[in-house]
Amino acid sequence: MAFRIQPFQTGLETQVLDLILPIQQVEFGVPITAADQPDLGRIPEVYQSGRGGFWVGLEGDRVVGTLGLIDFGQAPGGGGALRKMFLHPDQRGTGLAQALLDTLLAHARTQGLPGLWLGTLPHMAAAHRFYERNNFHRVEPEALPPDFPRMPVDTVFYTRESV
């Protein structure tokens with residue numbers, strides 16, 4: 001079945017958590033819980049405000065992918081922080097990741113975001129390659145904007161200066 005992308009809607013919170021937590025905890029061994037991620041219980045307030053957004057990839061009515069964008073700071077130090085890019089294992093390689101990112105990039109352009117930033121983990125090599133293919137380049141933590149909403153578990157950072 002083909003996927004479709006839409007903005008997050010209230011009522012999908014449980015499906016979003018059910019997708020993200022097993023990937024974090026089981027697949028990647030990140031010691032994180034839903035309680036450690038209160039943003040996932042407040043997606044409209046955290047992500048869908050200002051110039052931000054949160055999108056889900058759906059297969060039928062099932063959430064199979066997510067990608068969030070937090071609007072932070074003001075130019076030149078501000079921009080958008082990519083968060084919560086997760087794909088169900090059976091959706092990897094289908095084009096869903098690229099479609100989610102393309103949706104976010106189009107949104108960021110229309111919102112006039114000056115740049116994008118993200119944090120990830122060192123062992124997520126496939127994610128690193130994906131971001132690099134999409135014109136993100138790695139930066140040291142010291143280069144992060146002061147208002148960047150950094151997650152404690154992230155140690156590898158990327159930026160894309162033009163969207």
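One line per residue, one yes/no per condition, for (1) among the hydrophobic types (A, V, I, L, M, F, W, C); (2) not in a helix (DSSP H, G or I):
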site	(1), (2)
Gln9	no, yes
Val16	yes, no
Gln24	no, no
Leu40	yes, no
Gln48	no, yes
Phe54	yes, yes
Gly57	no, yes
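Could you count how many residues in the stretch 62-97 are assigned to a loop (DSSP other than H, G, I, E, B) and of a type in the set (Ser, Thr, Tyr)?
Residues flagged as assigned to a loop (DSSP other than H, G, I, E, B) and of a type in the set (Ser, Thr, Tyr) within the stretch 62-97 amount to 1.
If Ala99 satisfies all but one of (1) in contact with a Ser or Thr (Cβ under 8 Å, 6 or more places away or on another chain); (2) open to solvent by 20 Å² or more (accessible area, probe 1.4 Å); (3) among the aliphatic types (A, V, I, L, M); (4) over 22 Å from Leu21 (Cβ atoms), what's the number of the condition it fails?
Going through (1) in contact with a Ser or Thr (Cβ under 8 Å, 6 or more places away or on another chain); (2) open to solvent by 20 Å² or more (accessible area, probe 1.4 Å); (3) among the aliphatic types (A, V, I, L, M); (4) over 22 Å from Leu21 (Cβ atoms) one by one, Ala99 breaks only (1).
Only one residue in Arg160, Arg150 is farther than 15 Å from Met85 by Cβ, free of Cβ contacts under 8 Å to residues at least 60 places away in the same chain and surrounded by 13 or more Cβ atoms within 10 Å (Cβ to Cβ), so which one is that?
It is Arg150.
If you check Thr14, Thr33, which single one turns out to be open to solvent by 10 Å² or more (accessible area, probe 1.4 Å) and either within 27 Å of Asp147 (Cβ to Cβ) or of a type in the set (Phe, Trp, Tyr) (or both)?
One residue alone meets the criteria, Thr33.
With over 16 Å from His88 (Cα atoms), of a type in the set (A, V, I, L, M, F, W, C) and over 16 Å from the mean Cα position of the chain (by Cα) as the only criterion, which of Ala2, Ala35 stands out?
Ala35
Among the residues of the stretch 111-125, is any out of contact with any Phe, Trp or Tyr (no Cβ under 9 Å at 6 or more places or on another chain), at pLDDT 95 or above and either open to solvent by 40 Å² or more (accessible area, probe 1.4 Å) or not charged (D, E, K, R) (or both)?
No, the stretch 111-125 has no match at all.
Taking Phe130, is it open to solvent by less than 50 Å² (accessible area, probe 1.4 Å) and farther than 24 Å from Ala99 by Cβ?
In short, no.
The values are calculated or read from the model by the stated rules, or taken from the named source; none is laboratory data. In this text the structure is predicted, and so the values were computed from the model without any measurement. Please note: Cβ atoms are built from the backbone with ideal geometry, for glycine as well, and neighbour counts cover all protein chains shown. With ligands, DNA and RNA removed, areas are computed over all heavy atoms of the protein, side chains included. Shrake-Rupley method; radii C 1.70, N 1.55, O 1.52, S 1.80 Å.
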